[in-house]
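The values are calculated or read from the model by the stated rules, or taken from the named source; none is laboratory data. Keep in mind that what you see is a predicted model, and the values were worked out from it rather than measured. Every residue, glycine as well, gets a Cβ built from its backbone with ideal geometry; the counts of neighbours run over all protein chains shown.
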Amino acid sequence: MPISVALLFSSTFSGLDTSAAREVFGVDRSCLADPWYELAAWAPEDAPSCDACRVGRLWSADRLPEAHTIVVPAWPDAHQAPPAALVQAIREAHGAGTRVVATSTGVFLLAAAGLLDGRRASVHWAHADVLAARYPRVELDPAARYVDDGDLLTSVGGAASLDLFLHVVRLDHGAAVAEALARRLVVPFTDPVSLSPAVPESESDQVLADILPWVTEHLERQLTVEDMAQRASVSRRTLTRHFRSRTGMAPLQWLLSQRVHQAQRLLETTAMSVEQIAAQTGMGTSATLRRHFSRTTGLPPDAYRRWFRARDAGRAP
């Protein structure tokens, strides 16, 4: 069955976020992955149609728990508390197992619902102080273009919303499909751990401009923080500070995430054995790869490959 996506729609919400969501989830892309998505709009107020967002189906709030994913575009006024009924609908849908994706100030709706207490989230830097003051239990990461915290995903909005939607496609259909869609949309495709900050170019960008591509090209090596610091011509402490500023991770955390993502690509696109992939990605042994891969993706490497192939053959759930 297609993956059902409910897009929160209102004439006051961000047209850019709405259009990006419709372009990714509402256009038939079965040539890339079949089944694709099935997009419906959910309007919190009375709406005669959804012509403005070019979505033919209009859902009521009681159907939200049926959706696999809800997309919440930018909320029009970060200083205004969202309606209680809207917050409750999102809370109930998430409680029923629905994944929630919020862009820009849409994160305020998730925070108001209590979904982000103790969870990581991203928001546009212009609204970070307001969100932190109103919802201090949110672990805010305004330097990240978007944050994937499992069943809750948030972005800073604008162009980063499209980055986040492509990331969702990668989660659902694999990196190859997401990259193919990015090419069709004529936009760059990058992994979440290699995204630049949502603020203007900083010293961290300059320090890491060379080291990040270099590391991804040499994942098979047994790299240390000292190796990366020497390559960047900075101290270990300075490198760690810049990594946390740009990626939200320590250097070795980021390195491990890159290795897992590369393992995903190799499982999707090659017939290499798990042992070969472990060596290719610098994991060393198949046991190490299985442990980190399972922790990150929720599936062992062999099961992930079987699922991916069955999905391409139209047999995966």
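Output the residue which, of all residues in region 204-249 that are modelled with pLDDT under 90 and of a type in the set (Asp, Glu), is nearest to ALA144 (Cα to Cα).
Looking at the filtered set, the residue picked out is ASP205.
Being part of a helix (DSSP H, G or I), surrounded by fewer than 19 Cβ atoms within 10 Å (Cβ to Cβ), on the phi < 0 side of the Ramachandran plot and at pLDDT below 90: is that true of ASP77 here? Before the answer, list the steps.
Working: part of a helix (DSSP H, G or I): no; surrounded by fewer than 19 Cβ atoms within 10 Å (Cβ to Cβ): yes; on the phi < 0 side of the Ramachandran plot: yes; at pLDDT below 90: yes.
It is false that ASP77 is part of a helix (DSSP H, G or I), surrounded by fewer than 19 Cβ atoms within 10 Å (Cβ to Cβ), on the phi < 0 side of the Ramachandran plot and at pLDDT below 90.
Can you pull out the residues in region 123-145 that are at pLDDT 90 or above and either in a loop (DSSP other than H, G, I, E, B) or under 21 Å from ALA159 (Cα atoms) (or both)?
Quick first cut of region 123-145, residues at pLDDT 90 or above only: 130-139.
Answer for region 123-145, where residues must be at pLDDT 90 or above and either in a loop (DSSP other than H, G, I, E, B) or under 21 Å from ALA159 (Cα atoms) (or both): LEU131, TYR135, PRO136, ARG137, VAL138.
Of everything in region 42-67 that's at pLDDT below 85 and among the aliphatic types (A, V, I, L, M), which residue is surrounded by the most Cβ atoms within 10 Å (Cβ to Cβ)?
It comes out as VAL55.
Looking at LEU219, LEU223, which one is crowded, with 17+ Cβ neighbours inside 10 Å, more than 23 Å from the chain's Cα centre (by Cα) and either on the phi > 0 side of the Ramachandran plot or part of a loop (DSSP other than H, G, I, E, B) (or both)?
On the way: LEU219 fails: more than 23 Å from the chain's Cα centre (by Cα).
Only one candidate qualifies: LEU223.
Taking ALA96 as meeting all but one of (1) over 20 Å from the mean Cα position of the chain (by Cα); (2) of a type in the set (Gly, Ala, Ser); (3) farther than 21 Å from VAL168 by Cβ, write down the number of the exception.
For ALA96, the exception is condition (3).
So, of the residues in region 101-116 that are of a type in the set (Gly, Ala, Ser) and part of a loop (DSSP other than H, G, I, E, B), which turns out to be surrounded by the most Cβ atoms within 10 Å (Cβ to Cβ)?
Let us first name the residues in region 101-116 that are of a type in the set (Gly, Ala, Ser), namely 102, 104, 106, 111-114.
From what's left, part of a loop (DSSP other than H, G, I, E, B): 113-114.
Working: ALA113: 21, GLY114: 12.
Within region 101-116, the match that is surrounded by the most Cβ atoms within 10 Å (Cβ to Cβ) is ALA113.
List every residue pair whose Cβ atoms lie under 7 Å apart, where the two residues are 6 or more positions apart in sequence or sit on different chains, the first residue falls within region 121-149 and is touching a residue at least 40 places away in the same chain (Cβ under 8 Å), and the second residue, located anywhere, is acidic (Asp, Glu) and surrounded by 14 or more Cβ atoms within 10 Å (Cβ to Cβ).
Every condition considered, the pairs that remain are SER122/ASP141; ARG145/ASP163; TYR146/ASP163; VAL147/ASP141.
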